[in-house]
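Participant: To start, I am sharing the structure in question, which I have written as structure tokens.
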Amino acid sequence: MRRTALGVVALALVTGLAGCGSSGPKIPIGAPAASTITPVSTGNPYADLRTAAGHMPAEALTLATGVAKGAKVSGDPTSNAADLRARLTALLTEHVYLAGAMVATLYHFGDNTPQVQAAETAVDTNATDLAAIIGTVSPAKQSAFLDAWRAHDVDFLAYANGAKANDDTAKHNASNDLLDYAKNAGQFFSDLTGGSLSASGVQADFVTHIASLTAAIDAMAAGTPDAFSKLKTAADHMADSAQLLASGVARSANVSGDSTSPASKLRADLTGLLTSHVYLTGLAVYTGYSTSGGTDSNAFTNATDTLDTNSQDLATVLGAAAGKDKQDAFLQVWRAHVDDFVAYAKADAADDAKGRNTALSNLDAYRTSAGKFFADLSDGALNADDVAAALKDHVATLAGAIDSLKVGVLNVPVVIPTSTPTPTDLSVFGGATSSSPSPSESPSESPSESASPSVTATPTASAKSTASITGHSH
């Protein structure tokens, strides 16, 4: 049964995207007397969410190593091949959520705003990190990968602009450019791996990526209730993409270990789901902070429902290795800690120092109980104190990201820009919260699945988007 306190996560969203540059203001949030945790915040919610998500791969490794040992899962989750798969899983999953955050910011604040520029910077930093992994395999191909990946990021932004403006021509051109990228990416990875990966296989995987992410963008542009779940679907697919790419690269580069072993899969699954936990929390809070009605809105409910689905997914992965009883116990404890983050966000939004300190104290206590839980779940293979120590960074950085959401979203009035798309009260994550339709939509129009790009469209030499991500263009 989903805990109602889960709604707190969306509330954190309300606290904002203001101070969006890396030079954003420091937020003087001190640790409460009853807690050993001090939230880590810079004022830039995108950078801070990346920091919070950046701790998840290490936590996934700790948990996967202990659970695999305790449950006698075959394979080595610490091998180089398992590491490659996990790193790709984390960054590709993050790519989708950062793209979603960028689009949500575009729709809320308008184009060419400091908030959108900060979101674009986070997207581009993720691209640079992905390219660095390619560089470890083939330094000569790192630059080419980065240029192409940045171009496809720009195409998603162009698609988002077209979707919000109901410009079918712009959407079609962006779709064709993205499909052209999928074909070129297939050939790139085939060449990179000396044929270990088939060009057509990689192309098909990227077409799925494009179709699922553009479907989410369409839902965000229309403000339909399934926007949040569609973004999660697009992000969940990236675990399959990481498995495909890691297996081919590992074979061709003679990377030690087996990226396809059950233990490698356990590590990758936990990495992707924990990364998703951070971003789904942040995006839920964003939704609550940017939507009329806040945490009482339908959009917030949609967001927290999707966040809870992620919690259930995590419990299922652990239960497959440790048993149904421990699966149910984990879900109960994990939902409780999500509730505490929601409570922290609500208190933060209300400038309620006492409530914020109480939530931090509860999260601090959660670390100890979680450490004991995982020590038991792994039959002693995991040390309770080690788990508790790892979770300290999780709490400090995600609470800090919530602080930055308050500064960057909740506390920033939206000024209608002259460029399109125009900010509206229509939540990008589901459910109109205003009686007025979006300026780009008529009241009688309803979203259609046909708005998604056709995967059979023929790539053309259409003009590239003038949109840019941190100054990079085609």
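Participant: Tell me, what is the per residue accessible area of the stretch 100-145 in Å², probe radius 1.4 Å?
Facilitator: Working: 1480 Å² over 46 residues.
For the stretch 100-145, the solvent-accessible area averages 32 Å² per residue.
Participant: A further question follows. Would you mind calculating the gained length between V414 and A389 on full extension (0.36 nm times residue separation, minus the Cα-Cα distance), in nm to one decimal? Let's see the in-between values first.
Facilitator: On the way: separation 25, 0.36 × 25 = 9.00 nm, distance 3.97 nm.
In short, 5.0 nm is gained.
Participant: Identify all lysines with a Cα-Cα distance to K232 below 16 Å; exclude those on the same chain that are fewer than 8 residues away in sequence.
Facilitator: Counting by Cα, and skipping residues close in sequence, K232 has no lysines nearby.
Participant: What number comes out for the charge environment of L410, summing +1 per Lys or Arg and -1 per Asp or Glu over other residues with Cβ under 12 Å away?
Facilitator: Overall, the nearby charge balance is -1.
Participant: If you build the convex hull over the alpha carbons only and average its shadow over all orientations, what do you get for the stretch 181-326? Give it in nm² to one decimal. Mind dumping the intermediate values first?
Facilitator: Details: hull surface 41.0 nm².
Its average projected convex-hull area is 10.3 nm².
Participant: Past the 23 Å Cα-Cα mark, which pairs from K265/K326; K69/K372; K69/K230; K354/K392; K69/K265? Mind dumping the intermediate values first?
Facilitator: Working: K265/K326 19 Å; K69/K372 17 Å; K69/K230 35 Å; K354/K392 20 Å; K69/K265 14 Å.
In this structure, K69/K230 exceed 23 Å between Cα atoms.
Participant: Using alpha-carbon pairs under 8 Å, 6+ residues apart, how would you state the relative contact order of the stretch 147-301 in percent? Write out the running numbers ahead of the final one.
Facilitator: Details: 142 pairs, mean separation 24.2, N = 155.
After rounding, I find 16 percent.
Participant: Here's another thing I want to ask about it. Probe radius 1.4 Å, ligands and nucleic acids ignored: give me the carbon and sulfur share of the accessible area of the stretch 136-204 as a rounded percent.
Facilitator: Solvent-exposed carbon and sulfur of the stretch 136-204 make up 48 percent of the total.
Participant: Follow-up. Carbon-plus-sulfur fraction of the accessible area of the stretch 289-360, 1.4 Å probe, in percent?
Facilitator: Numbers: 1210 of 2740 Å².
The computed percentage sits at 44.
Participant: Under a plain spin-label model, where a point goes 7 Å from the Cα along Cα-to-Cβ, how far apart in nm are D240 and Q312?
Facilitator: Output for this residue pair reads 2.0 nm.
Participant: In nm, to one decimal, how far is the K72 label point from the D168 one, both placed 7 Å along Cα→Cβ?
Facilitator: Placing both labels 7 Å beyond Cα along the Cβ direction yields 6.1 nm.
Participant: Could I ask something else about it? Could you calculate, for the stretch 197-243, the ratio of the Cα radius of gyration to the Kirkwood radius, expressed as Rg to Rh?
Facilitator: Reported Rg/Rh, Kirkwood definition of Rh: 1.08.
Participant: How would you rank 238-247, 271-280, 217-226, 383-392, highest first, on the average number of other Cβ atoms within 10 Å across their residues?
Facilitator: Numbers: 238-247: 21.9, 271-280: 26.9, 217-226: 24.2, 383-392: 17.4.
Going from most to least packed, we get 271-280, 217-226, 238-247, 383-392.
Participant: Something else now. With no solvent and one point per C-alpha, what does the Debye sum give as log10 I(q)/I(0) for the stretch 31-181 at q = 0.09, 0.17, 0.19 Å⁻¹?
Facilitator: For the stretch 31-181, the Cα-only Debye profile gives -0.41, -1.07, -1.18.
Participant: Enter the Cα centre distance for the pair the stretch 129-186 and the stretch 65-111, rounded to the nearest angstrom.
Facilitator: So the separation of the two Cα centres works out to 19 Å.
Participant: What FRET efficiency would be calculated for the residue pair T38, S198, taking the C-beta separation as r and a Förster radius of 60 Å, to the nearest 0.05?
Facilitator: Values: r = 50 Å, r/R0 = 0.83.
Working from the Cβ atoms, E equals 0.75.
Participant: Quick one: what are the phi-derived ³J(HN,Hα) couplings along the stretch 141-151, Karplus 6.51/-1.76/1.60 with θ = phi - 60°, whole Hz, x for glycine and proline?
Facilitator: In residue order, the calculated couplings are 9, 4, 5, 5, 4, 4, 4, 5, 5, 4, 4 Hz.
Participant: Any idea of F188's accessible area? Nearest 10 Å², probe 1.4 Å.
Facilitator: 40
Participant: Sticking with this structure for a sec: Roughly speaking, what is the stretch gain from D191 to N298, that is 0.36 nm per residue apart minus the C-alpha to C-alpha distance, in nm to one decimal?
Facilitator: Details: separation 107, 0.36 × 107 = 38.52 nm, distance 4.76 nm.
Answer, rounded to one decimal: 33.8 nm.
Participant: Using 0.36 nm per residue of separation minus the Cα-Cα distance, give me the extension gain between K372 and Q332 in nm, one decimal. Display every interim value, and only then the final one.
Facilitator: Numbers: separation 40, 0.36 × 40 = 14.40 nm, distance 1.45 nm.
Extra length available between K372 and Q332 comes to 13.0 nm.
The values are calculated or read from the model by the stated rules, or taken from the named source; none is laboratory data. A quick note: this is a predicted structure, and the numbers were derived from the prediction, not measured. Cβ atoms come from the backbone with ideal geometry, glycine included; neighbour counts cover every protein chain shown. To get the accessible areas, we keep the full protein, side chains included, count just its heavy atoms, and leave off ligands, DNA and RNA. Shrake-Rupley method; radii C 1.70, N 1.55, O 1.52, S 1.80 Å.
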